[in-house]
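Notes follow once the structure below has been shown.
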Amino acid sequence: MIRVEFHILSSTGDDARMRHACQLIEQSYQLKKTVYLRVESSHAAKTIDELLWTFRDHAFIPHEIMTAHSPSHPRIMVLIGEGDQPPAEFRSTVINLGHDIPTHQDGITRLIEIVGADPVQKQQARERYKFYRDQGFQLETVNH
């Protein structure tokens with residue numbers, strides 16, 4: 001069964017969502033868990049790629065933007081991509097920064113939705129929440 005966590009932020013904007021994603025990624029990396037970070041666009045992928053290098057002075061998280069040959073090295077722990085089908089070893093934990101529902105859910109055990117304080121984002125998140133609830137997924141809300 002898929003566990004879906006909605007992380008509700010008090011801040012608005014994609015920057016807040018991306019920074020929170022970086023914190024979650026860092027936690028997963030410390031636990032030696034792989035993560036697939038699903039983004040809306042190649043621009044968002046490049047932005048968060050840069051942010052993962054700079055969000056903490058002493059943090060190093062092996063990551064890359066997904067290509068046909070990803071991961072390029074066995075130490076890569078995070079893939080960033082627009083699609084719904086990462087390699088099998090990156091499907092356990094998926095962080096969704098997209099505004100829609102990942103259509104390919106095979107192999108996902110933990111799906112994290114990060115929701116900013118923006119009213120539009122909250123409404124989109126409510127729709128995703130209803131979908132996940134109707135599918136019988138285990139739901140959890142975390143306020144930040």
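For this structure, a couple of remarks:
- Gyration tensor (alpha-carbon) shape descriptor, segment 25-83, a/c threshold 1.5: oblate
- Along the chain, the exposed loop sites are GluC sites (Glu not before Pro) outside DSSP states H, G, I, E and B with at most 15 other Cβ atoms within 10 Å, and the longest stretch free of them is 83-144.
- Remark on Phe6: its backbone amide H falls under 5 Å from those of Glu113, Glu140, Thr141, Val142, a criterion applied only to residues 5 or more positions apart or on other chains, H modelled at 1.01 Å from N.
- Amide H contacts under 5 Å for Ile80: Leu37, Glu64, Ile65, Met66, restricted to partners 5 or more places along the chain or on a different chain, H placed in the peptide plane at 1.01 Å from N.
- Each residue of segment 40-52 was assigned a 3J(HN,Hα) from its phi angle through the Karplus curve 6.51 cos²θ - 1.76 cosθ + 1.60 (θ = phi - 60°); the sequence is 7, 8, 5, 4, 5, 4, 5, 5, 6, 4, 5, 5, 5 Hz, with glycine and proline shown as x.
- The chain: C-alpha gyration tensor shape, a/c 1.5 cut-off, then a/b vs b/c: oblate
- For Lys130, a cut-off of 18 angstrom between C-alpha atoms picks up these lysines, skipping any fewer than 8 places away in its own chain: Lys122.
- Candidate lysines - alpha carbon under 19 Å from Lys33, same-chain residues fewer than 8 apart omitted: none
- Likely footprinting exposure, His63, His69, His58, fewest C-beta neighbours within 10 Å first: His58, His69, His63
- Normalised by the number of residues in segment 22-144, the average gap of Cα pairs under 8 Å and 6 or more apart makes the relative contact order 24 percent.
- Using Cβ point charges alone (K and R +1, D and E -1), the dipole size of the chain about the Cα centre works out to roughly 380 debye.
- Chymotrypsin sites (Phe, Trp or Tyr not before Pro) lying in DSSP loop within segment 54-144, provided at most 14 other Cβ fall within 10 Å: Phe60
- Given the chain, longest segment not containing exposed loop trypsin sites (Lys or Arg not before Pro) (DSSP; at most 15 other Cβ within 10 Å): 76-144
Read-outs throughout are calculated quantities, based only on the coordinates presented, and are distinct from any laboratory measurement. Just so it is clear, the model here is predicted, and its values are computed rather than measured. Positions of Cβ are generated from backbone atoms using ideal geometry, with glycine treated the same way; all protein chains shown enter the neighbour counts.
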